[in-house]
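Colleague: Structure in structure tokens, see below.
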Amino acid sequence: MRIGYVFTGSFCTLERSFLVLSRLVADGHEVQPIMSENVYFPDTRFAVAEEFSHRVEELTARRVIHTVPDAEPLGPRTPLDVMIVAPCTGNTLAKFS
């Protein structure tokens, strides 16, 4: 299964979300990591942004998509079977609705 895995800005839950991502990769899924700008760029007390994105890229063996232009091919040219948003912040959920 080809999975898009999106990290959004709930910084205190990024490590838990990383564990879920790890299980998906261990189960043999092809996972494309995606991060909002709020996760990809700023350092927080929960994670150094560059280190966290490097861990994700190392685990998935794929470059993190973190810009809108890089994400645009998802769907029309690069289909995904499912998209997981974890953590899904209230802000992200409001944008979906």
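The values are calculated or read from the model by the stated rules, or taken from the named source; none is laboratory data. Everything numeric here is computed off the predicted structure, so don't read it as measured data. So basically every Cβ, Gly included, is an ideal-geometry build from the backbone, and we count neighbours across all protein chains shown. For accessibility, only protein heavy atoms count, side chains too; no ligands or nucleic acids. Shrake-Rupley method; radii C 1.70, N 1.55, O 1.52, S 1.80 Å.
Colleague: Would you confirm, using the coordinates I've provided, whether PHE41 is under 11 Å from the mean Cα position of the chain (by Cα) and either open to solvent by less than 90 Å² (accessible area, probe 1.4 Å) or not polar (S, T, N, Q) (or both)?
Modeller: It is false that PHE41 is under 11 Å from the mean Cα position of the chain (by Cα) and either open to solvent by less than 90 Å² (accessible area, probe 1.4 Å) or not polar (S, T, N, Q) (or both).
Colleague: Here's another thing I want to ask about it. Please tell me if ARG63 is assigned to a loop (DSSP other than H, G, I, E, B) and at pLDDT 95 or above.
Modeller: Taking the combined requirement at face value, the residue satisfies it.
Colleague: Looking only at the stretch 44-60, filter to residues that are small (Gly, Ala, Ser) and in a helix (DSSP H, G or I); which one of those is surrounded by the fewest Cβ atoms within 10 Å (Cβ to Cβ)?
Modeller: Out of the qualifying residues, it is ALA49.
Colleague: Name every residue in the stretch 5-35 that is closer than 13 Å to VAL56 by Cβ and outside any helix (DSSP H, G or I), in order of residue number.
Modeller: TYR5, VAL6, PHE7, VAL31, GLN32, PRO33, ILE34, MET35 - these are the residues of the stretch 5-35 that are closer than 13 Å to VAL56 by Cβ and outside any helix (DSSP H, G or I).
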